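J.: I have a structure here, written as structure tokens, and I will follow up with some questions on it.
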Amino acid sequence: MGQVTRGLAGVATGLVAWVLIATAGNLLLRFSWPAYAAVEKAMSFTLGMLTARLALGAVSSLGAGFAVAWITRRNAVAAWCLVALLLAIFIPVHYALWHKFPAWYHVLFIASLVLFTLLGAMRRLPR
């Protein structure tokens, strides 16, 4: 497999990993925390719920970084491309939701996309 193909596959796998981990985690929050499920649609989360969502985003980003590094054999360019893709997806979403959450939440979430994705990419186990 060529380096470009491996890079594209790694970025795609990282994105899929992020979505799958976040979805599974959100379902876990929803089904295990009735108060969370009750306010999820209105997005009127408590501080604890916001913290749980940030933790879930961090875990999702770690998993995405690990996945891109695993597929690409720790290609830093691919990891940064995944970061850029995640930012391109989530900055507009958070801009649209700016009024729903405190500013610190948006800043931490966006920063965590960069930090935890790159940390996940660095933590890949050697083959």
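J.: Using helices alone, I'd like the mean residue ellipticity at 222 nm for the chain: each DSSP H run of four-plus residues gives -39500 (n - 2.57), total over residue count, nearest 500.
T.: Details: 5 runs with 104 residues, N = 127.
Result for the chain: -28500 deg cm²/dmol, rounded to the nearest 500.
J.: Which of these, 89, 21, 110, has the largest mean-square fluctuation under a Gaussian network model of the chain (Cα springs below 10 Å)?
T.: Comparing 89, 21, 110 in the GNM, the peak value goes to 89.
J.: May I pose another question? Given springs between every Cα pair under 10 Å in a Gaussian network model of the chain, which of 53, 30, 73 has the largest fluctuation?
T.: Ranking 53, 30, 73 by mean-square fluctuation puts 30 first.
J.: Right, another one. Using the crude model of +1 on Lys and Arg Cβ and -1 on Asp and Glu Cβ, and no other charge, please compute the dipole size for the chain relative to its Cα centre, in debye to 20.
T.: Charge dipole of the chain: 340 debye, to the nearest 20.
J.: Taking the chain as a Gaussian network, where each spring joins two C-alpha atoms under 10 Å apart, which residue of 95, 36, 105 fluctuates the most?
T.: Comparing 95, 36, 105 in the GNM, the peak value goes to 95.
J.: Hey, another quick one. Please report 19, 11 as a ranked list, fewest other C-beta atoms within 10 angstrom at the top and most at the bottom. Intermediate results must be reported in sequence, preceding the final value.
T.: Numbers: 19 13, 11 26.
Ascending Cβ contact count within 10 Å gives the list 19, 11.
J.: Expressed as a whole percent, how much of the Cα-Cα distance distribution for the chain exceeds 20 Å?
T.: Of all Cα-Cα pairs in the chain, 45 percent lie more than 20 Å apart.
Every number here is computed from the coordinates shown, using simple stated rules; none is lab data. Computed from a prediction, not measured in an experiment: that's the story for all the values here. Counting neighbours? That spans all protein chains shown, and the Cβs are built from the backbone with ideal geometry, glycine included.
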